Each structure stands twice: as structure tokens, then as C-alpha cells.
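Working notes, structure below.
Where a number appears in this text, it was derived from the coordinates with a stated rule and is not lab data. Worth saying up front: this structure is predicted, and the values here are computed from it rather than measured. With ideal geometry, Cβ positions are generated from the backbone for all residues, glycine too; neighbour counts draw on all protein chains shown.
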Ligand code: GLA
């Protein structure tokens, strides 16, 4: 990121990236001059160009038309605006799909999707891969040394609309992937448990993608297909990134979609992140979610983990409404600034939007933009200009990192996909909902949270939350146990550690991977009815799940007080080595989690705020010398914040307490404490 930050201004002084997707090809060239002048007015210094321009750049196979792109890059350069240049492979043109119809993706029901929207290709299609490589080569050969270009944008939101693909070419690639993974059919049959329902395979060629069948398909088959689908798209990225890296020193990225990568869009971002020169992410609020700012924070925390704690790029968010939700509610005044500052607080060093100028045609014409349909005499434009100024006023933070994140939440794509498969004890089981419940409690307690994989180094954390990590490898379970033994506090929730890497149940009592660590032995699940709750002896009620079992060495903090599981442990605590291991066998209410967090915080030596409204966001970044406190008030009433330093947004000094108005944001450079 430092490479990019220091190239955003002529003097090389690191700056926050500020700008968005710029699609000049949708406009007459006469508009471009106004675009660039207004970008300068708003302080835009970075735009993503060419993401959806394949059809204009390559009118027919192997014939390129770069004139308009030459002009726009020269124009941007003459105004000092830097470019994140796309390799344009995201959306093959109609001529391509028409010429190579077998490159179109196929659904699990066997329907071959048409073109006419975007991203209409199968990741395994040799025709697509060949064409994308040729296009990438042509673009990079032409623009690698263009002075406006500072980074490369491969594709766009891989997998958003086109995967997993179940076509025959995907099927053949899946067979090769399985041969590589298992080497022989005995290993595959054992891993998939094919003795069940007469599913034994005698040849790899018999294996198809897990297409719609009469009833549940083999769950390990389905899990492997998710793994394969992620790898297959990643191979597309790697091939295109290699072409770029062979020709240009600029960093390469592709924009992630945060947590928008469940079983329906399987992307193992932990594996993808290893292939990025800089991690970038897109985030859109769910407009109707009253705590959507917390969801934003959670996504940013996740992306920061993918970036290994280093600064990352917010590649897209919106100035106001989007166009693709059921009700596209506009942001209220000040909300965009709060959102942008949340991302920055949590590690972003660039704040970009989809998109620069609101479209007049096409499916996204009602999507907000930096320059709205109504032009510069608009609230959105004025707030965009203010945001540009705000980012300049805090530019001393560029390159700093989020400091003081004492808690990690475990998140593994494999576990999420496996948990989202069918034929489980309850359709109400949701790893993401449980993850969010715990992140929200920590957010309300003003505890900054990282996301880590189960096998990551956890030694810097005081507490680790394991929310419904249904699939747990031996290595992950060992790592989590070692963390507790070394003095950490672990919190494992229900439906964690149930299966191994092959999606086979760990026998001998639930939660198999963690029974010894937790000192509990669960023998039977009792999922609750829809919206049913069950009273606990402490921490309020349980929701979604309850269990029949007993303590096997753990202290019982709460038991089920009613129903078929009455007397079984619901919340337990066990001293382990010099740390602690908690088990939560049901989904607690928001208040129940907060109450339990108070107990956990004592064991974990965790400072937690008493912030019941949960709308004051407190995060710190540091460069090792200075520390900056972000205080973001999502509520309507003023709040008092402990702060000593200077608010970079206003220039005002605060000593002791800061009164932060409803909806307000402060970025305080904290006074250095003298020895
Ligand atoms: C995604 C895409 C963009 C645009 C936005 C709209 O993030 O990457 O091209 O479609 O959604 O919200």
C-alpha cells in the first residue's frame, strides 16, 4: 500500500487514496473535461478505469481499440489523477459469448446462463481463459509505463454473478482437481463417505459437479466443489496477475466482497489474500439494517485480517443509495463521512466509491455516485468535497495500523461453507449470525476485534471467540487449545468442532474437537422451534439451539431451566493451563452475550466499556510513535468521550473529555505521554 500511497501526489508525500470507479466510456468525451475538473475540486487522486470496457477495447477477437483509453489516461495524468487500471477481464463482450457459447456458466439445475448482464463466463472455460490472458497482455503491454498508472485492478468482484459453475468443462476440471487432492479413489471414497446411499465411485470420470439431484447430495462432495470453485477462479486471477507482474512493477489487486462469500459464492479469501500485492475490498450497507454500521465494522475487521494487519484499500462503497436492494434507502446527511471514517479507522488507506458519475443508462442508473444526477448543487456532492478535505486533514495517519485489538474471532471459509450445507439439525443455524452476535457485543463494549483463521498465530490476543466453527481441523483445534493453555481465554459456541476436514462427525460426544478443552460432553442436540426461546438459569434466554449433556470438569455458569434439556449445561467455564475455556451451547440474546462478556473480560483481563446503546465506535490506529483515536457517534444524542489531544478534523485541542455531537466524528491525535 505504501507504494501506492506515496505515488498519489507529485511530491511523494503519502496520501489517502480518494476517488472511485470511473467509467468515461459511458459518456461523450466532452463530459470528460468536466469530470477531471470536478475530480480536482473534490481532491480525487485515484480512479479505477476500464473495469467493464472489454467490449469497447476489443471489438472483435484479437483486434484492439485503445484510442479512447489513451485519451482518458492522458487527460487524467495531465490533472495529476492516478489510475488503478483494470485488465478488463470482468465481463466478456457479447461477441465473445456468441462465438463461444460453451463459455457461459451453468447452474446446478443445468440452465446455461445467458449474456446481456455481466460476468457471463465459466471459470474453467479454456476459451475465456485464453481470451482474458490475451486482453490482459495487450492492455499491460500498452500501459505498463503510462505515468498515470500506479496499480492494477484484475477483474472485478470475482464470483459475484457467475459461480459456482456446473457445466461439463467445470466438471472435467473438478475431476482433475479431485485427482490432485486425493490421488486415488480409495482416498476420495473414504473422505466422501460414499458407502452411504450407494455412492461409491470406481473412476474419476464418473464424478460430476454436485448438480441438483433428487434430494441432498453428498455433503463432502458439495464441500469439495466449493473448494474447487474458489481455486478455479483464483487460478484465473493468478494467470492474469502473472502476465501483469511479468511486465509491470505496480501492485496488483482484485476487489474482495467482505463476507459476501458463502456457499453460494465460494471464495476462500484467506487463500486469495496470499496472492494480492495489496488487499482491496468493497462494502455496501444493508440499508434497512438498523445496525448496518456494525456490519461495516465487522467487514473491515475481516479485511484487515486478510491484509495481515497492513493498510488496505476500500475499493468501493456508496455515497448514498445502491440500486440492488429491495428498498434502496438513501444515506442521511453525515452518514457517508461516518462510514468512510469507519473504514479508515479499521485500516483502510484509500476510500473509493462506486462510482464517480451517476450513470444515465444501464442497470445501475439509480445507484448513487460521487457526482449525482443532480450535479454539483447537491448534498451528496458537497459531502464528497468535505470527505476529500477530511481525508487530507488526517493524511498523517497514512501507513499507520490499527492498534489495540485484543480479541480475535475465528473465521474459516471451509467451516462457513460446511456449516451452510443442508441436512443439519436446524435451518436456523447460521455461522454468520452467530459471528455477528459476538462481534456486535464486542463492538458495543468498544473492544476492537480482529478476524483470524483457526491455525493463525493467536499469541497476541487476550481472548479468542470461536463462533459456530462447525468444521475444525486437528491443527486448528490444537492451536486454539495451546492458546488457552498459554494463558488466553477461549469462547467456543454451539455447533463448533463438530466435523473434521472431510465433514465427518467427530465421535464420542459433541463438540468433538473441543470436548476435552471445554470439559463438556454433549450427547444430543435439541434445536428450538422457530422464534422459540428457552430460559436459562443465568444470562437470560437461549435461542435457536439447546443441548442435552453434562459437564466433564467444567464449572457450569448457566444451565437450561426448562424443557427437555433442563439441567444440562448451557454456559460453562474451565480453567486450562494458565487460561480459560468457555462454552456457550445456545445462542444468547444481545444482553446475555454482554452479561457473559463481563465475566469473560475478567478472566481475559479485557477492558470493556459500559455502552448499552452500542452506537459509539472507538478505534485506534498507531504508527508506533503517534496514536490516533477515532470516535464515531452513530447515535442521535451527544456522547462524552475520553480524549486528550488534537482533533485533526477541527484542529481543536481536547483535554480530558470530548463532547461528540450526535452523528459526529473525531480523529484525535493523542498527546504523547511523557515519561
Ligand atoms: C459491485 C460492483 C460494481 C457495482 C456495485 C454496485 O460492488 O463491483 O461494479 O456494480 O457493486 O453497488
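A compact table of results
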item	result
Region 338-360: number of residues that are part of a strand (DSSP E or B) and within 12 Å of the ligand (Cβ to nearest atom)	2
Matching residues, region 301-323, being over 20 Å from residue 391 (Cα atoms) and free of Cβ contacts under 8 Å to residues at least 40 places away in the same chain	308
Identity of the residue in region 305-337, within 13 Å of the ligand (Cβ to nearest atom) and in contact with a helix residue (DSSP H, G or I) (Cβ under 6 Å, 6 or more places away or on another chain), that ends up nearest to residue 370 (Cα to Cα)	319
Helices (runs of 4 or more DSSP H) within region 1-120 that include 2 or more residues within 16 Å of the ligand (Cβ to nearest atom) and under 24 Å from residue 363 (Cα atoms)	54-57
Criterion violated by residue 211 - all others in (1) outside any loop (DSSP other than H, G, I, E, B); (2) under 28 Å from the mean Cα position of the chain (by Cα); (3) away from the ligand (no atom under 16 Å from the Cβ) satisfied	(1)
Options 422, 404: the member that is away from the ligand (no atom under 16 Å from the Cβ) and either under 18 Å from the mean Cα position of the chain (by Cα) or closer than 30 Å to residue 463 by Cα (or both)	404
Scope region 557-587; condition within 19 Å of residue 466 (Cβ to Cβ), over 33 Å from the mean Cα position of the chain (by Cα) and crowded, with 18+ Cβ neighbours inside 10 Å; matching residues	557, 558, 569
Count - residues of region 143-163 that are assigned to a loop (DSSP other than H, G, I, E, B) and within 16 Å of the ligand (Cβ to nearest atom)	10
In region 243-258, the residues that are assigned to a loop (DSSP other than H, G, I, E, B) and within 14 Å of the ligand (Cβ to nearest atom)	254, 257, 258
Pairs, first on the phi > 0 side of the Ramachandran plot in region 43-54, second within 13 Å of the ligand (Cβ to nearest atom) and assigned to a loop (DSSP other than H, G, I, E, B), C-beta under 8 Å, six or more apart	50/88
Residue in region 134-142 that is out of contact with any helix residue (DSSP H, G or I) (no Cβ under 6 Å at 6 or more places or on another chain) and either in a loop (DSSP other than H, G, I, E, B) or more than 30 Å from residue 18 (Cα to Cα) (or both) present	yes
Residue tally, condition out of contact with any helix residue (DSSP H, G or I) (no Cβ under 7 Å at 6 or more places or on another chain) and closer than 25 Å to residue 433 by Cα, over region 484-494	2
Residue in region 642-658 that is buried (at least 19 other Cβ atoms within 10 Å of the Cβ) and out of contact with any strand residue (DSSP E or B) (no Cβ under 6 Å at 6 or more places or on another chain) present	no
